[in-house]
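Undergrad: First the structure, which I've put down as structure tokens, then a few questions once you've had a look.
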Amino acid sequence: WGQLLLDRVGLQWDTHGLATNVKKDVVGDLTGEVQGAFVHGAEFWCGLSRAKRVLLLQGGLRILSRRYVRVRMMQRFIGKPGLAQYFRSCCRSVYDRVYAWVQRHEREGRTGGILWDSVRSEILATLVLLPAMQFSFTAPFCERVESSDASPGGHGRAWTRMDANRVQTVCRLAEGRGMYT
């Protein structure tokens, strides 16, 4: 079913004059990783592979098990879940105090320090959410549509509800280079 779906997408791209990058094609496999995104063709989900999520879990538990954490180690860790969080947008808002901890230690010229309880909580929340950091190809489109500008605090934020078929059409029309849907 997955290969049939990919073939149909390829045909649609051809009708719109969009070329397929053949070097990045995964042909005939039910599962495969493309640029860090693991696509499961039998279960119809996309996200970070389970093996990579286990490595993230191990790294997070390693940090949580330490009393003293180096700033460099923290910087490296907080960048890792970024790709996983990409696949479930609500998971992108977990970090706040983590960044404040890193910035404070950098500003003061420290190489490390004791993690604040709030930082430990944010790391733990990331680890707990790891299994949910994927999306389903068969899930229906959400009827809640949101839009915001890039201002701090989302001052230009708006939302409404639309019929799922209309949301799907709008997403297809808005998809393109430089756009975020």
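Undergrad: Note down the relative contact order for the stretch 14-150 as a percent, whole number, built from C-alpha pairs under 8 angstrom at least six residues apart. Could you put the intermediate results ahead of the total?
TA: Values: 133 pairs, mean separation 37.0, N = 137.
The normalised contact order for the stretch 14-150 reaches 27 percent.
Undergrad: Let me ask something else about it. Could you give me the ³J(HN,Hα) list for the stretch 49-57, computed from phi with Karplus coefficients 6.51, -1.76, 1.60 and θ = phi - 60°, whole Hz, x at Gly and Pro?
TA: 4, 4, 5, 6, 5, 5, 4, 4, 4
Undergrad: Counting only other residues whose beta carbon sits under 15 Å from that of Asp163, what net charge do I get with K and R as +1, D and E as -1? Numbers along the way, then the final one.
TA: Details: positive: Arg144, Arg161, Arg166, Arg172; negative: Glu143.
Spelling it out: positives minus negatives among the neighbours equals +3.
Undergrad: Can you figure out the FRET efficiency of Leu173 with Tyr86, using R₀ = 25 Å and their beta-carbon distance, to the nearest 0.05? Don't jump to the answer; show the numbers that get you there.
TA: Numbers: r = 22 Å, r/R0 = 0.88.
Step by step, r from the Cβ atoms, then E = 0.70.
Undergrad: Work out the FRET efficiency for Glu143 and Phe44 from their Cβ-Cβ distance, taking R0 = 25 Å, and round it to the nearest 0.05.
TA: On the way: r = 21 Å, r/R0 = 0.83.
According to the calculation, E is roughly 0.75.
Undergrad: Given H placed on each backbone N at 1.01 Å, which residues far from Trp45 in sequence or on other chains put an amide H within less than 5 Å of it?
TA: Residues meeting the amide H criterion: His40, Phe137.
Undergrad: Further, regarding this structure: Just to verify a number: what accessible area does Asp7 come out at with the full protein assembly present, 1.4 Å probe, Å² rounded to tens?
TA: Accessible area of Asp7: about 80 Å².
Undergrad: Continuing with this model, one more query. For Gln103, what is the net charge nearby, where nearby means another residue's Cβ is under 12 Å from its Cβ and Lys, Arg count +1, Asp, Glu -1? Display every interim value, and only then the final one.
TA: Working: positive: Arg97, Arg104, Arg107, Arg110; negative: Asp96, Glu106, Glu108.
With Lys, Arg at +1 and Asp, Glu at -1, the net is +1.
Undergrad: With θ set to phi - 60°, apply the Karplus curve 6.51 cos²θ - 1.76 cosθ + 1.60 along the stretch 114-126 and write out the HN-Hα couplings as whole Hz, x wherever there is a Gly or Pro.
TA: So the J values, rounded to whole Hz, are 7, 5, 6, 4, 5, 5, 4, 5, 5, 5, 4, 4, 4.
Undergrad: Once both labels are modelled 7 Å past Cα along the beta-carbon direction, what's the Leu124-Arg110 spacing in nm?
TA: 2.1 nm
Undergrad: About the Cα centre of the stretch 79-168, what is the dipole size in debye to 20, counting +1 per Lys and Arg Cβ and -1 per Asp and Glu Cβ, all else neutral?
TA: Numbers: 12 positive and 9 negative charges, 19 e Å.
Once rounded to the nearest 20, the dipole reads 80 debye.
The values are calculated or read from the model by the stated rules, or taken from the named source; none is laboratory data. This structure is a prediction, so every number in the text was calculated from the model and none was measured. Here Cβ is always computed from backbone atoms with ideal geometry, including for glycine, and neighbour counts include all displayed protein chains. The protein model used for the area step is the full one, side chains on, heavy atoms only, and it has no ligands, DNA or RNA in it. Shrake-Rupley method; radii C 1.70, N 1.55, O 1.52, S 1.80 Å.
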